[in-house]
């Protein structure tokens, strides 16, 4: 498919399994066209609105933060919201954006808490948020090994809670990689990848130029300059600082992720290398006007729905990168609404039980969408 249909349409790609028929019918936000905020229709205005919202939302006070020491001396953390939930209440595990942390994810956390009433935990990677970089090691795409340590601690703290994964942008790549590597052994019941880039050997070379320059500066500041105290003595540090593109930055920093070559780095981190081994329901959200994770990435991988049985790709014509603002007076995130409805629908389908907490989601019959 080379077009995204009429303006503001949402195209769904999936195999109509019994589960996905039920889930799509329960997600009213997917049944109707996504209509962006009228005064922020294009990709640039959507991102400007996202930056404004991120800069003006009050900080979120999490219930608890656990700092976890790793075997090599590094550290990661878990930020929890909703710890007073019943032990059997589902837990949403959030994997943030490339430079993200619990605070940058606060709107998503607040929205999911409001819609679902579930427990939320944000997995912060090495050197992110307020975490120091305690060893000269980081990965732009994150580490599945580190994530497994975090998931083991989550499972230890909430052993009776179903786990649902939500990865945003770069966090979605880490989530998909973990799902593929673990296959049937994954601790996740289902997952959502929001604005993924798919094949990370190609995606970063397609970022639109103005955003590529901006992101490159951001990556240098976040990963290198703020952690110069531990990285300055490494050759990859100086090489990373001379990067002119996101693609160059990722490739030049591979030694700091613990790999001997760029090829080894990509072989161990590219989510699409293992995506066909995913064995749980997966929702993928993308916008055709995304200047960071561009639509060509999506169109090249629509075949994912043929190899991952319970996968659903939702492609909107508008929404930009991780924005998806709708509404006029108080714009909110359409994507957050979809994520909440999908999680509720999958949980209801896979684990039917009387509801004891959270707000019921609006249900409506789905409209006609392309499916494969």
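Protection proxy ranking of 314-327, 242-255, by the mean of other Cβ atoms within 10 Å over each peptide's residues and highest first, is 314-327, 242-255. Kirkwood radius and radius of gyration were both taken over the C-alpha atoms of segment 141-244, and their ratio Rg/Rh is 1.05. Modelled label positions at residue 307 and residue 351, each set 7 Å beyond Cα in the direction of Cβ, lie 2.9 nm from each other.
In terms of the mean number of neighbouring beta-carbon atoms within 10 Å, the peptides 192-199, 329-336 order highest first as 192-199, 329-336. Segment residue 104..residue 263, full-extension length gain: 54.1 nm, with 0.36 nm per residue of separation and the alpha-carbon distance subtracted.
Cα axis of helix 334-350 to longest principal axis of the chain: angle in degrees, 0 to 90, nearest 10? For helix 334-350, the angle is close to 70 degrees.
FRET efficiency for the residue 214 to residue 88 pair, using the beta carbon distance and R₀ = 45 Å, is estimated at 0.55.
Rounded, prolate or oblate: which fits segment 286-346, taking a ≥ b ≥ c as square roots of the Cα gyration tensor eigenvalues, rounded meaning a/c under 1.5, else prolate when a/b beats b/c? Oblate is the answer for segment 286-346, as a/c is 1.5 or above yet b/c matches or exceeds a/b. For the chain, the longest principal axis of the Cα atoms and the long axis of helix 209-219 meet at an angle of about 60 degrees. Projected label points at residue 54 and residue 25, each 7 Å from Cα along the beta carbon direction, are separated by 3.9 nanometres. For segment 54-105 versus segment 237-258, the inter-centroid distance based on Cα atoms is 27 Å.
Sorting 280, 346 from the fewest to the most surrounding beta carbons within 10 angstrom yields 280, 346.
To the nearest ten degrees, helix 170-182 and the longest principal axis of the Cα atoms of the chain are 80 degrees apart. If you take the alpha carbon atoms of segment 52-166 and fit the smallest convex hull around them, that volume is 101 Å³ per residue. When 272, 218, 105 are arranged by Cβ crowding within 10 Å, least crowded first, meaning fewest neighbours, the order is 218, 272, 105. Counted by neighbouring Cβ atoms within 10 Å, the residues 274, 305, 23 run from fewest to most as 274, 305, 23. Each DSSP beta bridge with both residues in the chain is either parallel or antiparallel, and the antiparallel ones are about 45%. Taking every alpha-carbon pair under 8 Å whose residues sit at least 6 apart, segment 211-285 reaches a relative contact order of 23 percent. Shape class of segment 10-350 from the Cα gyration tensor (axes a ≥ b ≥ c, square roots of the eigenvalues): rounded, since a/c falls below 1.5.
Taking square-rooted eigenvalues a ≥ b ≥ c of the alpha carbon gyration tensor, is segment 46-102 rounded, prolate or oblate, where a/c under 1.5 means rounded and, failing that, a/b exceeding b/c means prolate? It is oblate, given that a/c is not under 1.5 and a/b is not larger than b/c. Each peptide in 203-212, 50-59 receives the mean, over its residues, of other Cβ atoms within 10 Å, and ordering these scores from highest gives 203-212, 50-59.
Reducing segment 215-229 and segment 279-337 to their Cα centroids gives an inter-centroid distance of 28 Å. Simple spin-label estimate for residue 35 and residue 238 gives 5.8 nm between the two label positions (7 Å along the Cα-to-Cβ direction from each Cα). The relative contact order of the chain comes to 29 percent, based on Cα pairs under 8 Å that sit 6 or more residues apart. With 0.36 nm allotted per residue and the present C-alpha distance subtracted, the residue 44-residue 63 stretch has 3.4 nm of extension available.
Values quoted throughout were computed directly from the atomic coordinates according to the rules given, and no laboratory measurement underlies them. Every value quoted in this text rests on a predicted model; they were computed, and no experiment measured them. Glycine also receives a Cβ, built like all others from the backbone with ideal geometry; neighbour counts cover every protein chain displayed.
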